[in-house]
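Here the structure is laid out as structure tokens; the discussion comes afterwards.
The values are calculated or read from the model by the stated rules, or taken from the named source; none is laboratory data. The shown structure was predicted, so the numbers you read here are calculated from the model rather than taken from an experiment. All Cβ positions, glycine included, derive from the backbone under ideal geometry; neighbour counts span all protein chains shown. Note: accessible area is taken over every heavy atom of the protein model, side chains too, but ligands, DNA and RNA are not part of it. Shrake-Rupley method; radii C 1.70, N 1.55, O 1.52, S 1.80 Å.
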Amino acid sequence: MEKNGRYIGVVTGLTHEGMGVTRAEGIAVFVPAVCVGDEIEFQVVKLLKNYAYGRLVRLITPSKDRVAAECPVFPKCGGCVTRTLSYEAEAAAKCKNTEENFKKLGGLDLQAEEMLTHRPDRYRNKAIYPVAKEGEKLVAGFYAQRSHRVIPVSDCLLQPENFAPLLEKILAFGSQNGWKPFDRETGKGDIRHIFIRAGFATDQRLVTLITASLDLPGVEILAKELMNFDPGVVGVVLCENRRKDNVLLGEKLVTVAGKGVLEDRLCGLTFSLSPRSFYQVNPVMAEKLYKKAKEFLVPKKEELLLDLYCGAGTIGLSMAEDYGRVIGVEIISEAIQNAKENAARNGIENAEFFCMDASVAAKRLEESGLRPDAVVLDPPRKGCDTTCLDAVLAMAPQKIAMISCNSATAARDAAYLSERGYRITRFAVADLFPRTAHCECVLCLER
Ligand code: SAH
């Protein structure tokens with residue numbers, strides 16, 4: 001195989017980043033923006049020892065699963081990767097990839113008992129748009145694949161329709177008032193991201209402007225205008241972030257107008273959410289996922305549940321009426337504050353929450369003699385560490401529900417537990433992120 005050479009191949013699979021996999025001259029080649037089943041001509045753009053990256057030159061025979069992308073900025077925008085694949089084929093490919101990860105990275109032979117899905121468009125309740133400048137005008141959208149170049153998008157097909165008019169209003173106001181996009185290299189400028197989160201069940205929206213300085217010209221006027229323009233906007237918040245790395249949210253929040261939290265209803269409960277609190281972006285699917293975890297755990301009234309990485313308490317609180325006692329642990333203080341308020345406002349009296357690193361807390365709770373009957377592990381993408389898993393093992397709960405947005409680390413962690421006395425008894429995949437390469441999985445491990 002030669003760099004820049006042109007070859008023909010059939011796309012047989014999808015990588016975990018959503019690229020098509022094809023082969024030529026015995027080498028696997030990854031090509032973006034193609035579909036499983038396409039026969040393609042591609043050009044090799046990067047040649048490595050055992051694999052290569054290619055660029056689509058010509059679609060020779062389209063896959064039977066090909067559909068129109070429908071989005072004017074696909075595939076320039078890096079948000080979606082599977083827009084030209086039918087949603088059924090996408091869901092099947094992601095379920096297969098998840099199973100393969102458990103096999104390859106955990107040595108675990110699992111078959112998902114179910115692939116939970118919902119609609120593939122307008123499912124997100126949250127968008128964080130990076131801001132850039134085009135001529136004299138501010139623009140916002142999403143980053144191009146593996147880059148910090150902003151591809152302007154106003155109405156993204158994954159977001160609710162009422163985000164675009166808000167975004168346009170903010171950008172027009174910012175352009176008129178001389179806002180400058182923040183430049184991470186020079187540390188100059190102010191506006192970084194426009195963060196809009198919605199409660200679908202409450203029809204509320206909270207606008208958070210992520211800026212390098214809390215002194216954003218005219219922001220009080222804008223906040224009033226936004227709340228008049230869209231009565232669903234319950235508040236406008238400034239979030240100060242002067243960091244030069246990729247962390248999106250800063251620690252300092254100031255409510256400019258209205259409320260500093262958003263409310264939504266999930267699993268029959270009302271939740272308050274600070275901009276800094278994690279909340280699943282696909283609430284319809286989150287409810288299905290949490291219900292599945294509960295079905296796996298089969299809670300009993302006399303049992304104790306430990307909910308590690310609990311965020312604003314959504315999982316533990318949605319199961320609290322079926323358990324005797326619930327303890328939640330989470331590292332973000334605003335989320336723990338929300339979790340406590342969420343327990344109170346829903347009349348839940350058997351739940352306690354601690355702001356702490358999950359591993360430190362699990363170890364301390366174990367040492368203090370806590371013996372939960374069930375543990376929920378819902379870590380971020382990097383998964384759990386062995387301190388956390390060892391503490392859970394020492395607590396010896398009857399059941400562990402593992403929920404993860406990264407099947408690679410979930411496979412590693414599930415393998416660790418299954419080599420130390422736990423058996424995987426249930427396993428399902430849930431597509432919370434249609435049109436992207438990501439999805440969630442949920443497992444039940446029993447002693
Ligand atoms: N279970 C919640 C949140 C899951 S996301 C829900 O379903 O809504 C993962 C959560 O882990 C986030 O809230 C994140 O803030 C938290 N987190 C990340 N690192 C952590 C750590 N070391 N200890 C405790 N919580 C952590």
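Amide H to amide H distances under 5 Å link Tyr323 with no residue, where only residues 5 or more positions off or on other chains count and H is placed in the peptide plane. Here the peptides 348-355, 109-116, 29-36 are ranked by packing, the mean other Cβ count within 10 Å, and the order with the highest first is 29-36, 348-355, 109-116. The lysines whose alpha-carbon is closer than 23 Å to the alpha-carbon of Lys103, local same-chain residues fewer than 8 away aside, are Lys94, Lys292, Lys382, Lys399. Computed from backbone phi with θ = phi - 60° and the Karplus coefficients 6.51, -1.76 and 1.60, the 3J(HN,Hα) list for segment 379-384 is x, x, 3, 6, x, 8 Hz; x is used for glycine and proline. Residues whose amide H comes within less than 5 Å of that of Ser63, counting only those at least five positions distant or on another chain, are Asp38, Glu39 (H built at 1.01 Å from N in the peptide plane). Taking only protein heavy atoms and a 1.4 Å probe, the accessible area of segment 6-66 is 54% carbon and sulfur. In terms of the mean number of neighbouring beta-carbon atoms within 10 Å, the peptides 64-72, 210-218 order highest first as 210-218, 64-72.
Under a model in which nothing but the beta-carbon of Lys, Arg (+1) and Asp, Glu (-1) is charged, segment 126-266 shows a dipole of about 420 debye around its Cα centre. Under 5 Å between amide hydrogens, built in the peptide plane, is the criterion, and for Ala351 it picks out Val326 among residues at least 5 positions away or on other chains.
Across segment 168-185, computed HN-Hα scalar couplings (Karplus, 6.51 cos²θ - 1.76 cosθ + 1.60, θ = phi - 60°) run 5, 5, 5, 5, 5, 5, x, 4, 5, 9, x, 5, 10, x, 5, 10, 5, 6 Hz from first to last residue, x flagging Gly and Pro. Compute the normalised compactness of segment 76-188: alpha-carbon radius of gyration over 2.2 N^0.38 Å, N being the residue count. Here the Cα radius of gyration is 1.43 times the empirical estimate. Computed on the chain, with alpha-carbon pairs under 8 angstrom and 6+ residues apart, the relative contact order is 13 percent. Share of carbon and sulfur in the accessible area of segment 126-266 stands at 49%, probe radius 1.4 Å. Ligands, DNA and RNA are left out, and with a 1.4 angstrom probe the accessible area of segment 6-66 is 51 Å² per residue.
In the full protein context, segment 126-266 carries 46 Å² of accessible surface per residue, based on a 1.4 Å probe and ignoring ligands, DNA and RNA.
At what distance in angstrom do the alpha carbon centres of segment 147-203 and segment 387-447 lie from each other? When both Cα centres are located, 35 Å separates them. If you take the Cα centroid of segment 1-32 and the Cα centroid of segment 315-353, the two points sit 48 Å apart. Among 306-314, 144-152, the peptide with the highest mean count of other Cβ atoms within 10 Å heads the list, and the full ranking is 306-314, 144-152.
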